[in-house]
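The values are calculated or read from the model by the stated rules, or taken from the named source; none is laboratory data. Since we're looking at a predicted model, the values are computed, not measured. In this analysis, Cβ positions are derived from the backbone assuming ideal geometry, glycine residues included, and neighbour counts consider all displayed protein chains. Calculation scope for accessible area: heavy atoms of the full protein, side chains included, ligands and nucleic acids excluded. Shrake-Rupley method; radii C 1.70, N 1.55, O 1.52, S 1.80 Å.
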Amino acid sequence: MTKPQTLRIRAKPPSPRNCWPAGVIFCALILSACWLLSCGPALAQGAPSGSAASSQRSPAHDQADEDQSPTFHVNVKLVNVFATVVDEHGSPVGGLKKDDFTLLEDGRPQKISYFSRESALPLSIILAIDASLSTRKDLKLEMESARRFIHAMLRPIDVLSLYQFSEAVDELTPFTADVRQIDRGIDRIHLGAATALYDTVYLASHALGHREGRKVMLVITDGGDTISKIDYGQALRAAQESEAIIYSIIIVPIESDAGRDVGGEHALIQLSTDTGGKYFYAGSAVQLDQAFHKISDELRTQYLLAYYPSRRLTDSDFRRIEVQLNGPAATNLAVRHRTGYYTSKSE
């Protein structure tokens, strides 16, 4: 597979390993041998032998042996599905119960093992801002709107990493809850030339893959990709494997302009749809703020449905997920979620 643009970050020095010098280990072995030679016979004389020794075993000793017996683990992965329910106006809907949902994998109903409205679960967010030359007239507006979103959205338990992308992908701040550090990162955004959109999605997905809790990627761009080494399919797979939810804010001067290239926009729309996110069009500061506000509302009103998948019957490594609404909840409401996940064929 072709490698994407390198994510330019400052590498941390490797931590020292805990290792013992050979001389220390040798001395420890000599001391142990001497102790056994001097104390071993005395211990042997005082210890009961044969069946007498076993008859004097305490329940605590038996329990210790049980604790040390081999343990066999079954590799069953708990699959997390974050779902957003909206009404006919697109507004998030809260207050639903477990019985309002049916979950299927590859068309087969699954038992929902864990259900919760996870509006309080910590967020790991990557905010990626397009700094290519085509965004030069809108970049300042994007930066200020992003700054307002961060200050309003981020809680002490949440963390955000700031990326800028043009011909390369730069991490301006690592994951942090410090809004002042993020502000300084926003101030360092500068114009580049080309647009490495798919490389950005790929690298951000791998960064989010190591995080716990809800993982969100928020991409602000005018659409299109001009220089990535990663293609659309590889970027989508990386996002699905990391369980990232992608929100796209597509900057366009005129949404209905028939002359613009919509290929990149369609790719962003599909990336957002397949990961359970959403896309927005914005052509002004007001529309940017509205998009950020809607994203914030959705992230505060999400449901978590977790299940242990039943045995796989096909050879495909992609498992398709479907979430349905039941009863009154199915009327005039819609649900968004990731379309599936990848796993090894043996699982």
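Structural remarks
- Pairs are defined by a Cβ separation below 7 Å, a sequence spacing of at least 6 or placement on different chains, a first member in the range 238-256 that is under 16 Å from Gly224 (Cα atoms) and outside any loop (DSSP other than H, G, I, E, B), and a second member that is modelled with pLDDT of 95 or more and among the charged types (D, E, K, R); the pairs so defined are Tyr247/Lys278.
- Residues of the range 299-340 that are modelled with pLDDT under 90 and crowded, with 18+ Cβ neighbours inside 10 Å: Ala329 alone.
- Residues that are touching a Lys or Arg at 6+ places or on another chain (Cβ under 9 Å) and hydrophobic (A, V, I, L, M, F, W, C) number at least 1 in the following strands (runs of 3 or more DSSP E) confined to the range 158-224: 159-165, 169-176.
- Residue check, Ile129 surrounded by 12 or more Cβ atoms within 10 Å (Cβ to Cβ) and in a loop (DSSP other than H, G, I, E, B): no
- Test result for Asp158, of a type in the set (D, E, K, R) and open to solvent by 10 Å² or more (accessible area, probe 1.4 Å): no
- Only one entry of Glu171, Glu167 meets the criterion of being touching a residue at least 12 places away in the same chain (Cβ under 8 Å), closer than 24 Å to Lys229 by Cα and open to solvent by 50 Å² or more (accessible area, probe 1.4 Å), and that entry is Glu167.
One line per residue, one yes/no per condition, for (1) open to solvent by 20 Å² or more (accessible area, probe 1.4 Å); (2) in contact (Cβ under 8 Å) with a residue 24 or more places away in the chain:
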residue	(1), (2)
Ile186	no, yes
Leu191	yes, yes
His210	yes, no
Leu218	no, yes
Thr221	no, yes
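- If only residues of the range 272-286 that are within 19 Å of Asp222 (Cβ to Cβ) and in contact with a Ser or Thr (Cβ under 9 Å, 6 or more places away or on another chain) are counted, the one that is modelled with the lowest pLDDT is Ala285.
- For the range 257-268, residues that are of a type outside the set (Asp, Glu) and either part of a helix (DSSP H, G or I) or modelled with pLDDT of 95 or more (or both) total 5.
- The number of residues in the range 109-144 that are modelled with pLDDT under 95, of a type in the set (D, E, K, R) and under 22 Å from Asn80 (Cβ atoms) comes to 2.
- Hey, Ala239 within 22 Å of Ile295 (Cβ to Cβ) and either charged (D, E, K, R) or touching a helix residue (DSSP H, G or I) at 6+ places or on another chain (Cβ under 6 Å) (or both) or not: yes
- With respect to the conditions (1) in a helix (DSSP H, G or I); (2) more than 21 Å from Val216 (Cα to Cα); (3) not aromatic (Phe, Trp, Tyr), Arg312 lacks only one, and its number is (1).
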